[in-house]
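Worksheet for the structure shown next.
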Amino acid sequence: MNRVIQVFTKESFLVPLFAIILGLVVGALAMLAGGFNPLLAYESLVVKVFGDLYNFGEAIRQITPLIFTGLAVAFAFRTGLFNIGAEGQFIMGMLGAVYVGVAFDLPPIIHAVVAIIVGALMGGIWAGIAGYLKAARGVHEVITSIMLNWIGMYFANYILNAFLVPKGQQRSEIVHDSAVITLQALSNFLGGARVHWGTPLALICAVIFFIILWKTKTGYELRAVGLNPHASEYAGMSVNRNIVKAMFISGLFAGLGGACETLGVFHYLAVMSAMPGYGFDGIAVALIGGNTPIGIVLGAFLFGALSYGAAGMKFSAGVPIELIRIVISSVIFFVAAHGIVRYLLKPILAKRKEEGR
Amino acid sequence: MDWLVLGSNLIHDTIVFSTALIFAALGGLYSERSGVVNIGLEGMMVIGAFTGAVCTFFMQPFFEPGSVIPAWIGFVAAIVAGAIFSLPHAVASITFKADQTVSGVALNFLAAGLSVYLTKILFHGAGQTTTLTSVFSKWHIPGLSEIPFFGHAIFEAYPTSYLAFIAVAITWFLLFKTSYGLRLRSVGEHPRAADTAGINVFRVRYNAVMISGALAAMGGATIALTTTSNFSHNTISGQGYIALAALIFGKWRPVGVMWAALFFGIGQAAKSLIQILGLAEYVPTELIYMLPYILTVIVLAGFVGRTNAPAASGKPYETGSR
């Protein structure tokens, strides 16, 4: 028990925790300003997520892509790169998977596996472009990957309209049954919630994330470049090659997320007028999770549940769902500016030190 | 089709679309010249567009229909809102030495969420404001607008476009001809030396970030009050980041930034050109929409000049550090 308490009072845990609390407080203030009841809103949010099996299953569906994009953003962070383009890579993953799912005829399982791999590779290549431009031309990855988000969205729309969407419709044909990755038995148990193989795959990816970064030579190099590019270069590592590699792997995670979302949830891809948003939330997930695999899974759970529960908040308390965007961005802000959190925590931390003596 | 008319139209449209980029890129220039990276330009533009549109909307009933005064009130309100909205970024990156890129991105997301949230509250659940009746109309400069070719191209622009070019001149003068500019640049190049010389690094940076927010908001308000006549979630779609690209392409210099912004404006102006020329049948619309973003990537990739950034840009300053 003592050890548990120790873990819970560690500063590395306290800061994200307080960032979350501050984020929720900002959200509550925004609700008060808008004339809503924040307590009712947050309560209905929790009820929506945990109220019944169906909604819980749907919340899991919402959480799954965030694990993928969280891993993607965190992987790049570990190499000192800010992959704000997980959004575009996610879209490319969806596109690759839906293309294989609709246009190819393959035996069951193999079809799904091929579709997922193609989706992941598309995401990886899309991120790799930003990595290459950073390594070879010195262009800041934030700007290129943001631009690639827009380009990716319009590119996907173009491919959809040109090849996959039946005339007069706004979405692609349904992928063949052989490519669908729904977890049918579990879905039946959860009252038809759209749960799929992407969830276990996401958890496996979290383990792979750990193994690559901490148990392989490649991962050692990637982290070294992230911590100190100059020292790494001096030690004989190629900083440029590691940048491209890190972005590629990062994009693989995001692309996987997109592929699983298409094959597991919707089974089609609609023409987009706005970004799906999973990539952006992935940034919050990675930051709140401290770029560690367990932290990311927990962070994805938190933000996925918040996003899913927002619908309940709208239903019971009338709060526009964008409120959750305010909460999530505030959390990102407070994690980035952890100095503010530390400053607010000062009395608590100082007290702890005294007691420790 | 008369090619002269076409060329004149292209320049005209380029100026229309570049105006917001010029404002925002100039905003970025103040901030980055003082040593604070401002990825948050996009969010500050969103806040500007939102405030501009909403204030104009609620001012409209107080003036006769079609009056342009509400639009000006909205524009000024946007400037104030932009300066205020930039404060969290300043506090985080200057006082609390946060990662400036992440803090800026957080601000962008906050702006996106906050503006739509407030829009839905103010407009009874609608995701966008009602179409504005009071918006800026183009000013024909007497005499000059009669000049063949250049008259229509340059002297029939929105008032905000003229303001943007004036802002370029003012920024150039401020930056290179006044002691304020010298302080700003020295803080961005070598804060320690500036501190030793008695300059308050923190104050200069706060100042610069707030100017940055005000200018970016002017850019956002320009879009809402000239081209779209309302505010919705996609009124600002990446222009803040394109403005950052213009800042880099323009080598952090006011006039260079202006040319870069004009260049990126062509990407958007080309949209309407393609439609006028009747090429829309042959070119998929999606590719046309992609154009400004592709142009930005290509230009940045083809442009090698990494050493131009202000030396201390992105680095928090700690008193006593070397």
| query | Can you tell me which of B:L215, B:L225, B:L182 is surrounded by fewer than 18 Cβ atoms within 10 Å (Cβ to Cβ) and in a helix (DSSP H, G or I)? | reply | B:L182
| said: Would you confirm, using the coordinates I've provided, whether B:K177 is within 14 Å of chain A (Cβ to nearest Cβ) and either among the basic types (K, R) or over 19 Å from the mean Cα position of the chain (by Cα) (or both)? | reply: no
| message | Need pairs with beta-carbon distance below 9 Å; first residue farther than 17 Å from A:M147 by Cβ and within segment B:249-268, second assigned to a loop (DSSP other than H, G, I, E, B) and among the hydroxyl-bearing types (S, T, Y); sequence gap 6+ or separate chains. | response | B:W252/B:S313
| task | Would you please name the residue that is surrounded by the most Cβ atoms within 10 Å (Cβ to Cβ), looking only at residues in segment B:35-66 that are under 19 Å from the mean Cα position of the chain (by Cα) and in a loop (DSSP other than H, G, I, E, B)? | result | B:G40
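Residue-by-condition table, conditions (1) within 12 Å of another protein chain (Cβ to nearest Cβ); (2) surrounded by 22 or more Cβ atoms within 10 Å (Cβ to Cβ); (3) closer than 30 Å to A:N55 by Cα; (4) of a type in the set (G, A, S):
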{"site": "A:A135", "(1), (2), (3), (4)": "yes, no, no, yes"}
{"site": "A:K167", "(1), (2), (3), (4)": "no, no, no, no"}
{"site": "A:V175", "(1), (2), (3), (4)": "no, yes, yes, no"}
{"site": "A:I204", "(1), (2), (3), (4)": "no, no, yes, no"}
{"site": "A:T216", "(1), (2), (3), (4)": "no, no, no, no"}
| query | How many residues, within segment B:84-105, are outside any helix (DSSP H, G or I) and at the interface with chain A (Cβ under 7 Å from one of its Cβ atoms)? | reply | 4
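Look at B:Y241 and say whether it is within 11 Å of chain A (Cβ to nearest Cβ) and touching a residue at least 60 places away in the same chain (Cβ under 8 Å).
Taking the combined requirement at face value, the residue satisfies it.
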| Is it true that A:L71 is touching a Phe, Trp or Tyr at 6+ places or on another chain (Cβ under 6 Å) and in a helix (DSSP H, G or I)? | yes
| said: Looking only at segment A:310-325, how many residues end up being assigned to a helix (DSSP H, G or I), more than 17 Å from the chain's Cα centre (by Cα) and either within 19 Å of A:I21 (Cβ to Cβ) or facing chain B (nearest Cβ under 8 Å) (or both)? | reply: 3
| field | Subset of segment B:185-200 [surrounded by fewer than 24 Cβ atoms within 10 Å (Cβ to Cβ) and touching a residue at least 12 places away in the same chain (Cβ under 8 Å)] | value | B:R185, B:S186, B:E189, B:H190, B:R192, B:D195, B:I199
| query | Would segment A:260-275 turn up any residue that is assigned to a helix (DSSP H, G or I) and within 14 Å of chain B (Cβ to nearest Cβ)? | reply | no
| Looking only at residues in segment B:29-66 that are in contact with a helix residue (DSSP H, G or I) (Cβ under 8 Å, 6 or more places away or on another chain) and charged (D, E, K, R), which one is farthest from B:V116 (Cα to Cα)? | B:R33
| request: With the checklist (1) surrounded by fewer than 14 Cβ atoms within 10 Å (Cβ to Cβ); (2) under 26 Å from A:G192 (Cα atoms) in hand, flag the one item A:F68 doesn't pass. | output: (1)
| Hey, A:I109 surrounded by fewer than 24 Cβ atoms within 10 Å (Cβ to Cβ) and either more than 14 Å from chain B (Cβ to nearest Cβ) or under 21 Å from B:V297 (Cβ atoms) (or both) or not | yes
| said: Could you go through segment A:81-93 and let me know if any residue there is without any contact (Cβ under 8 Å) to a residue 24 or more places away in the chain, in a helix (DSSP H, G or I) and of a type in the set (A, V, I, L, M). | reply: no
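When residues of segment B:67-83 are filtered for being in a helix (DSSP H, G or I) and either within 22 Å of B:G238 (Cβ to Cβ) or not small (G, A, S) (or both), how many remain?
So the count comes out to 11.
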| task | Select, from A:V297, A:V285, A:V331, the only residue that is within 12 Å of chain B (Cβ to nearest Cβ), assigned to a helix (DSSP H, G or I), in contact (Cβ under 8 Å) with a residue 12 or more places away in the chain and under 17 Å from the mean Cα position of the chain (by Cα). | result | A:V331
| query | Considering segment B:136-177 alone, what residues qualify as being under 30 Å from A:A274 (Cα atoms), out of contact with any Lys or Arg (no Cβ under 7 Å at 6 or more places or on another chain) and at pLDDT 90 or above? | reply | B:F136, B:T160, B:S161, B:A164
| Which of the residues that make up segment B:106-123 are at the interface with another protein chain (Cβ under 7 Å from one of its Cβ atoms) and of a type outside the set (A, V, I, L, M)? | B:F109, B:G113, B:Y117, B:K120
| task | For A:L201, state whether it is touching a Leu at 6+ places or on another chain (Cβ under 9 Å), within 27 Å of A:I60 (Cβ to Cβ) and either modelled with pLDDT of 95 or more or not small (G, A, S) (or both). | result | yes
| Do the conditions hold for B:I69, that is, is it farther than 21 Å from B:A246 by Cβ, surrounded by fewer than 24 Cβ atoms within 10 Å (Cβ to Cβ) and in contact (Cβ under 8 Å) with a residue 24 or more places away in the chain? | yes
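The values are calculated or read from the model by the stated rules, or taken from the named source; none is laboratory data. Quick caveat: nothing in here was measured; it's all calculated off a predicted structure. FYI the Cβ positions are ideal-geometry reconstructions off the backbone, even for glycines, and counts take in every protein chain you see.
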